[in-house]
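This report refers to the structure that appears directly beneath it.
The values are calculated or read from the model by the stated rules, or taken from the named source; none is laboratory data. Treat the numbers as computed from the prediction; the structure is a model and nothing was measured. Here the Cβ is made from the backbone with ideal geometry for all residues, glycine too, and neighbour counts use every protein chain on show. Areas reflect the complete protein model, heavy atoms only, side chains present, ligands, DNA and RNA absent. Shrake-Rupley method; radii C 1.70, N 1.55, O 1.52, S 1.80 Å.
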Amino acid sequence: MEIDTEKARSELIVAPILVEIRKQFNRKISLFSGTEFTIDKSKGLNGRCDFIISHSPEQLDVTAPIAILVEAKNDNLKSAIPQCIAEMVAAQLFNEHKNNPIPFIYGGVTTGSLWKFMKLVKNSVYIESEEHFIGNLEALLGILSQIINSTRPQSLAET
């Protein structure tokens, strides 16, 4: 199936994968799509995020802590990296403002078929060198599960 728009990729490829992760976590995490996420306009930390996963079963509003943001792009992963990093910095500030800091924020960029992940630790961003292909869906779901588990606040670890 040919999918030629970011919106279609988001809805037909990326969203079902993230919904599956939410199911695997018994809906104890929330998934937001196309959510307005303005943290600090003066720093350019405003706009819409393609996807946000938060450690809250509450699905009405984005609540801290935010674990991962995923940005879907047509054909160029590299072009999405700066936007995703800005969203990760915004999520870090959001978590801090809500008194719910977590040690890392993860980001992902995807074309639908290719995925690449990043990790924000304090003021440093680490971008993985490899790309993950959707053909290995089990590995991709494993990465997303590991991200959620590694960012789970201690206060939510028992629930």
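The residues in region 107-153 that are free of Cβ contacts under 8 Å to residues at least 12 places away in the same chain and part of a helix (DSSP H, G or I) can be counted, and the count is 5.
Across region 1-27, the number of residues qualifying as at pLDDT below 90, charged (D, E, K, R) and in contact with a helix residue (DSSP H, G or I) (Cβ under 8 Å, 6 or more places away or on another chain) comes to 0.
Look at Ile127 and say whether it is of a type outside the set (Phe, Trp, Tyr), touching a strand residue (DSSP E or B) at 6+ places or on another chain (Cβ under 7 Å) and surrounded by 21 or more Cβ atoms within 10 Å (Cβ to Cβ).
Numbers: of a type outside the set (Phe, Trp, Tyr): yes; touching a strand residue (DSSP E or B) at 6+ places or on another chain (Cβ under 7 Å): yes; surrounded by 21 or more Cβ atoms within 10 Å (Cβ to Cβ): no.
Criteria not met by Ile127.
Taking residues in region 74-97 that are modelled with pLDDT under 90, and partners anywhere that are surrounded by 20 or more Cβ atoms within 10 Å (Cβ to Cβ) and basic (Lys, Arg), the pairs with Cβ atoms closer than 9 Å and at least 6 places apart or on different chains are Asn74/Arg9; Leu77/Lys116; Lys78/Lys116; Ser79/Lys73; Ala80/Lys73; Ala80/Lys116; Gln83/Lys73.
Before we move on, is Lys122 at positive phi, open to solvent by 30 Å² or more (accessible area, probe 1.4 Å) and not aliphatic (A, V, I, L, M)? Talk me through it step by step, then tell me what you get.
Numbers: at positive phi: yes; open to solvent by 30 Å² or more (accessible area, probe 1.4 Å): yes; not aliphatic (A, V, I, L, M): yes.
Considered against the rule, which asks whether it is at positive phi, open to solvent by 30 Å² or more (accessible area, probe 1.4 Å) and not aliphatic (A, V, I, L, M), Lys122 comes out as yes.
Evaluated against (1) under 15 Å from Ala67 (Cα atoms); (2) surrounded by fewer than 19 Cβ atoms within 10 Å (Cβ to Cβ), Phe133 falls short on exactly one condition, (1). The residues listed here are Thr151, Thr110; of these, the one that is buried (at least 19 other Cβ atoms within 10 Å of the Cβ), β-branched (Val, Ile, Thr) and under 15 Å from Ala72 (Cβ atoms) is Thr110.
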